[in-house]
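Notes follow the structure.
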Amino acid sequence: MGAVLSRAAVAKMPLLARWRNWAPVAVLFALCALISILSPNFLSLANFVGILNSAAIPTVLCMGATFVILMGSIDLSIEGIVAVSAVLVSLLVDNDVSTYSIGLLAVPIAILVGGAMGFLNGFLHVKLKTPSFMTTLGVGFAGIGIATTILGGFTARISDQSIRYLSLGRLLGLPVAAWIALGAVLLALLMQERMRFGRWVYAIGTDEMTARHAGIPIERTRILIFSIAGMFYGLAGVLSVAQFGQGHALISQGRLFSTVTAVVVGGTSLSGGVGSVLNSVIGVFIVTVLANGMILTGVPPYVQQGVQGLLIIVAVTLALDRSRLDVVK
Amino acid sequence: MSSKGFLSSPTNRRSFLKHSVGVAAAGTFGFKLASPAIAKETTWTLANSLRSLANPYHATFSKGGADFAKTIDAQYVTLVTEGNSEKGISDIKALLQRTGGKLILNVDPNDSPDARVIVNEVQKAGGYVVTQWNKPDDLHPWDHNPSYVAHMSFDGVPAAKALALQLFKAFGGEGGVVAIGGILSNVPAIERKAGLDQAIAESGGKVKLLDFQAADWNGQKAFDVTQAWLTRFQGQINGIFAANDDMGLGALEALRQAGLAGKVPVVGLDGIAGAVKAVEAGEFAATVAWDPLWTGGMGLAIPYAAATGKIDIAKEPKEHREFYGTSIMVTKDTVAAFKSGGAALDFNNLWSKVTGPIQYRG
Amino acid sequence: MEPVLEIRGVSKAFPGVKALDNVSFSVGKGEVVGLIGENGAGKSTVLKVLNGIYKPDSGGVFIDGMSANITSPRDAFDKGIAMVFQEQLMLPSLTVAENIFLGREEEFLKYGLISKSRMNVAAAIELSKVRLNVAPSTRCSELSFADRQMVEIAKALSLDSRIKGDVTILLDEPTSVLERKEIDLLFEIIKDLKQRASIVFISHRLEEVLAISDRVYVMRDGKVVFETTAADATVKGLHQHMVGRQLHNEYYREARQRHPTAVPVIEAQDLAKKGRFSNVTFTLHEGEIIGIAGVIGSGREDLAKCLAGHTAIDAGVLKIGGKPVSFRAAYDATAAGIGLVPSERKIEGLVASFSVAENMTLAAIPKFVSGCVLRFALENKTARDWVDRLKIKTPSTGTMVGSLSGGNQQKVVLAKWRVAGVRVVILDHPTRGIDVGAKEDVYELIRDMTAEGLAVILLGDTLEEVIGLSSRILVMRDGEIAATFNAAPGNKPTQVELVGHMV
């Protein structure tokens, strides 16, 4: 698919594009306004801390996933990589199953392990010329399997306070995990905007042929992006252990769907080339604030899933650039 | 029942991949031969079928089966469904074929309708089967003698009610509670909510249910829900009732974030190690254990006794064909006993933990 | 003096088509060389060989007299060759500066990070060369079509300040999307560039080519057929060289060309589509074949798609059989009796994994349904009838159509519309990629159709085909009908006459 656009479409673009770019922020704003009217508690510091706690891990996950999606690929291995990372961390620090005790050293190890699994994703995808859908699915399943085997289905409860501090600790009143997530966002932003491969991701995601002609090393970039994504997932594994005080194979259950949802709701296109990590942060907050708001305002549990589904449709409809779609599959 | 399976809607390719990894994972656990090269029990093969080894209940369930197999020196196999009914059934059929029908099966079906299919297959092949937890209401062991030996379950309603009463006791019998439920359509979720409701009704207005939310057996969802509750019901929450321990532990972490761990009591069901620890630490008021060692082990011992003629199953009374087991209330007072006792099951005393026949509440 | 850039004896073939046949071509220092020819003559292919997108099957490329192996566009750039494409390749989510320096960001690295300010400054310099007043940090999605084209040109020109030695810029139809004002500006830029670079310029507008070039090459059927200086060339002479070949009356079955009836099937009045075509008025009668001639960008393909209901017209009145219609989608057109045989037959005309019978009945499934069930027996019988009638070479009606030869595939597509009972068949490049024998079969079929009262709109592959088959010819240029010719058998217009209005 080339970036060929008709004259008419381009003429219309500036106004619509600007409006469309801000749609997710507008949705978030409207949501917050609505909830705070119905439930003033929403605006309290305690609630904000709660929202940050709930949003920290999804945000880190989205940083990795956004790059993959911008490139036009998909990453289904999120849960598997987080599981391996979490299980390893929980066994390497003070816990009730094994005797290791390496404390915060587990953090870089988890990130490296995540990166290694991400590298495997990219390597299989590029060298075996298999669609990312399949390779990441395979690595993801393998990850859950490995995590299950290591712990035998049980849970390792950690007692290492330095790890738990990553979630329970407070800096300037806000959870340490939120600060870590912020750091991840800033790092991702730096990579996206100021590093060559960050720009190349957009090129590859928009029109691979053009990217190839320009001399961009496509295979190398693909492998690099999957590896980086894996590192973010590894970090999320650490934060998961910190938050729940335990590691087990199913600790990340459901995260894949919520991550991709947040990315899409934030305005990044699943076909690649359009979006940004900042969009995904907005997406995470939209999803988290909505869930929080529904409980604060007493929306019945039966209805909540329906509301979430509706939100996804609304957000995607607003953000999607339909003039570029000839065939909608 | 504990946590649910992972990515449970299959496509052809996904099924294939799942099978491979599931078999690989199961392979590290199941298909274990008894240690001596020649097993003493050579006619019958024993098998437990369960959802996933990645949760503590089923991991212990499988261990229970392995323990029993060791006592009779028989070959023991673990079948893992990964939340996929078709896989569960086809694995059982394959094993029936391989063993020529000489199979003793203890199955926790992925979904109620599966039980009927499995019972028919086992009966056709001449094996013996016990079902756990889920079965259709009109399927009874006494209609399928001698293959369908028994159905074991736990009554969620009285267990949950007793648990709720423990919770109320922990905060002095008067105040507000919030409740976290499992997947709304699951039978255990419905039973446990009913038990809680009964306890609340009995309190005569002294205990109020502030809110009820479904967290789908998922601890992380429970975490998010509890955080929001802490904002909404600032200071009004005196206790948290969770329909399983995973969710209870998630709620506990949310309390911890707010500095309330140990100050607001939490209760859950399943009796997993994490919950037991929390009871010891005073952060959980109580948990209810379903004794997976018992269901995993006795669930094989009983059909084995039927197969080898030690008992004539057709002559056993109905409450030995469909029964509830004994759940164990684990509180601060009983936790020490719980942890030390119950380790060695007496496989000769088949009915010792039967509490009564299964009731159909419509 | 050695030419700056030269190709000698280059041939390049694609499946079914010989795109370049022993082509030799050179560009001198500071020279502007124009390249003209009909659609499919091979002009773009030559540039793509020079730019490293295609590797020649034989022959070689020489830079400054020395043999060069150009492996990719990036490699071409490093060797001093840059190309501006006919299709826009700007990436919308990236900024102007990022597009200009795509793949060449190393220049702006500071501690491993791209210095946006330095890149923007450098981009501003390039933009000033094309006098484009746009901030380098603007997202390309916000630029107009013409502005993007200028950025493309700026991107190619950025070669100028970065490569030592001789530099060649290849321009493939750069003016087709520009307005008059921008074209004048482009010409000024080219004149200015001549002092430092050499230029190859493709355009279908002959006056433009002659105005700006020093020398001109004419290509036809993959060969270079004529070379001249611009000063010595005349438009008429160039036209003559562009067309050249003789017509065979028999080839196009002119003897079977019927006189159309007076019954109008399609009446088009002032049809227009923004940016594509306007003021299109014509009437198509039963038994008539109207051929539409025009180069890429003339609007004829867009017109065909609109008549077939695939895209909407913005203005004008279209009547089918006397009744005004408005197509919302292709099935409306099919229901009105219009069928399109598309140029991309494999992608748009057939479902390759379906059988011959299934493809034939694809447009008329309601005829083969009884209750809720497909009537396979009827489907197969119908398919067998048509296989016989059209002499389609296939092992059976159940064969996957993807395995048939191009010519037979095309016959299946034609059969599909016959089965659907359409009154008008629009043929978009019907004999593309088909061997000579099969082409004759297709021409025969077209005559059969008109004999049975169908009407045909033909967008032919070559002028010869259009002239040979049509009863009337519309020549389109830049979106409008530039001329109309009657083409009765024995009194056909010549290709030169047509070309005169096309370019």
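The values are calculated or read from the model by the stated rules, or taken from the named source; none is laboratory data. These numbers were taken from a predicted model, which means no experiment stands behind them. Every residue, glycine among them, receives a Cβ derived from its backbone with ideal geometry; neighbour counts consider all protein chains shown.
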Would you please list the contacts, defined by Cβ atoms under 6 Å and residues six or more apart or on different chains, that run from a residue in region C:233-256 that is in a helix (DSSP H, G or I) and at pLDDT 75 or above to a residue that is of a type in the set (Lys, Arg) and buried (at least 16 other Cβ atoms within 10 Å of the Cβ)?
C:Arg256/C:Arg447
So which residues in region B:272-291 are within 11 Å of another protein chain (Cβ to nearest Cβ) and either assigned to a helix (DSSP H, G or I) or under 17 Å from B:Phe61 (Cα atoms) (or both), if there are any at all?
B:Ile272, B:Ala273, B:Gly274, B:Ala275, B:Val276, B:Lys277, B:Ala278
Hey, among C:Ser144, C:Ser198, which residue is small (Gly, Ala, Ser), free of Cβ contacts under 8 Å to residues at least 24 places away in the same chain and out of contact with any Cys (no Cβ under 8 Å at 6 or more places or on another chain)?
C:Ser144
Can you confirm whether B:Gln234 is surrounded by fewer than 16 Cβ atoms within 10 Å (Cβ to Cβ) and facing chain A (nearest Cβ under 10 Å)?
yes
Can you name the residue in region C:6-40 that is farther than 22 Å from C:Ala211 by Cα and of a type in the set (A, V, I, L, M) and, of all such residues, is surrounded by the most Cβ atoms within 10 Å (Cβ to Cβ)?
C:Leu20
Test C:Ile114 against the criterion of being of a type in the set (Val, Ile, Thr), within 14 Å of chain A (Cβ to nearest Cβ), over 30 Å from C:Val225 (Cα atoms) and touching a Phe, Trp or Tyr at 6+ places or on another chain (Cβ under 7 Å), and give yes or no.
yes
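Let's see how each residue does on (1) part of a strand (DSSP E or B); (2) on the phi > 0 side of the Ramachandran plot; (3) not aromatic (Phe, Trp, Tyr):
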residue: C:Glu267; (1), (2), (3): yes, no, yes
residue: C:Asp270; (1), (2), (3): yes, yes, yes
residue: C:Gly275; (1), (2), (3): no, yes, yes
residue: C:Asn279; (1), (2), (3): yes, yes, yes
residue: C:Glu301; (1), (2), (3): no, no, yes
residue: C:Cys306; (1), (2), (3): no, no, yes
residue: C:His310; (1), (2), (3): no, no, yes
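For region C:341-424, which helices (runs of 4 or more DSSP H) that fit wholly inside it have 2 or more residues that are farther than 16 Å from C:Leu445 by Cα?
C:356-360, C:376-390
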Checklist (1) at the interface with another protein chain (Cβ under 7 Å from one of its Cβ atoms); (2) in contact with a Phe, Trp or Tyr (Cβ under 9 Å, 6 or more places away or on another chain) applied to B:Asn218, failing item
(2)
Only one of C:Val412, C:Val401, C:Val425, C:Val387 is surrounded by 15 or more Cβ atoms within 10 Å (Cβ to Cβ), over 29 Å from the mean Cα position of the chain (by Cα) and of a type in the set (A, V, I, L, M, F, W, C). Can you tell me which?
C:Val387
Residue under evaluation C:Glu152, criteria (1) surrounded by fewer than 21 Cβ atoms within 10 Å (Cβ to Cβ); (2) modelled with pLDDT of 85 or more; (3) of a type in the set (D, E, K, R), criterion not met
(1)
Not assigned by TED's automatic domain parsing to the domain that holds C:Ser24 and not small (Gly, Ala, Ser), is that true of C:Leu238?
no
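From C:Glu227, C:Glu208, grab the single residue that is without any contact (Cβ under 8 Å) to a residue 40 or more places away in the chain, within 21 Å of the chain's Cα centre (by Cα), closer than 30 Å to C:Ile467 by Cα and more than 14 Å from every other protein chain (Cβ to nearest Cβ).
The conditions single out C:Glu208.
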I need every pair where a residue in region A:157-181 that is within 17 Å of A:Ala86 (Cα to Cα) has its Cβ under 7 Å from the Cβ of a residue that is of a type in the set (Asp, Glu), sequence separation at least 6 or different chains.
A:Arg157/A:Asp96; A:Ile158/A:Asp94; A:Ser159/A:Asp94; A:Asp160/A:Asp94
Only one residue in C:Met150, C:Met119 is among the aliphatic types (A, V, I, L, M) and within 13 Å of chain A (Cβ to nearest Cβ), so which one is that?
C:Met119
Quick one: which residue in B:Val187, B:Val225, B:Val157 is crowded, with 23+ Cβ neighbours inside 10 Å and of a type in the set (Val, Ile, Thr)?
B:Val225
Evaluate region C:185-199: report whether one residue or more is of a type outside the set (A, V, I, L, M) and within 14 Å of another protein chain (Cβ to nearest Cβ).
no
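Select the helices (runs of 4 or more DSSP H) contained entirely in region B:79-196, then report the ones holding at least 3 residues which are closer than 30 Å to B:Gly239 by Cα and more than 14 Å from every other protein chain (Cβ to nearest Cβ).
Hits in region B:79-196: B:156-170.
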What residue, among those in region C:257-294 that are surrounded by fewer than 16 Cβ atoms within 10 Å (Cβ to Cβ) and hydrophobic (A, V, I, L, M, F, W, C), is nearest to the other protein chains (Cβ to nearest Cβ)?
C:Val263
The one condition B:Lys221 fails out of (1) of a type in the set (Lys, Arg); (2) in contact with a helix residue (DSSP H, G or I) (Cβ under 6 Å, 6 or more places away or on another chain); (3) closer than 22 Å to A:Val241 by Cβ is (2)
State all residues of region A:96-152 that are of a type in the set (S, T, N, Q) and closer than 27 Å to A:Ser162 by Cα; if no residue qualifies, say none.
A:Ser98, A:Thr99, A:Ser101, A:Thr148, A:Thr149
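For (1) touching a residue at least 40 places away in the same chain (Cβ under 8 Å); (2) under 19 Å from the mean Cα position of the chain (by Cα); (3) over 30 Å from B:Gly239 (Cα atoms), each residue gets a yes or a no:
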site	(1), (2), (3)
B:Asp270	yes, yes, no
B:Ala275	yes, yes, no
B:Ala281	no, no, no
B:Ala286	yes, yes, no
B:Ile313	yes, no, yes
B:Lys318	yes, no, yes
B:Thr326	no, yes, no
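For region C:122-147, name all the residues that are within 13 Å of chain A (Cβ to nearest Cβ), of a type in the set (S, T, N, Q) and assigned to a loop (DSSP other than H, G, I, E, B).
So in region C:122-147, the residues within 13 Å of chain A (Cβ to nearest Cβ) come out as C:134, C:137-147.
Filter once more, so that each one left must be of a type in the set (S, T, N, Q): C:137-138, C:141, C:144.
Within region C:122-147, C:Ser137, C:Thr138, C:Ser144 meet the criteria.
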Taking only region A:134-178 into account, find how many residues are among the β-branched types (Val, Ile, Thr), facing another protein chain (nearest Cβ under 8 Å) and crowded, with 22+ Cβ neighbours inside 10 Å.
3
With respect to A:Arg220, determine if the residue is of a type in the set (Lys, Arg) and touching a residue at least 12 places away in the same chain (Cβ under 8 Å).
no
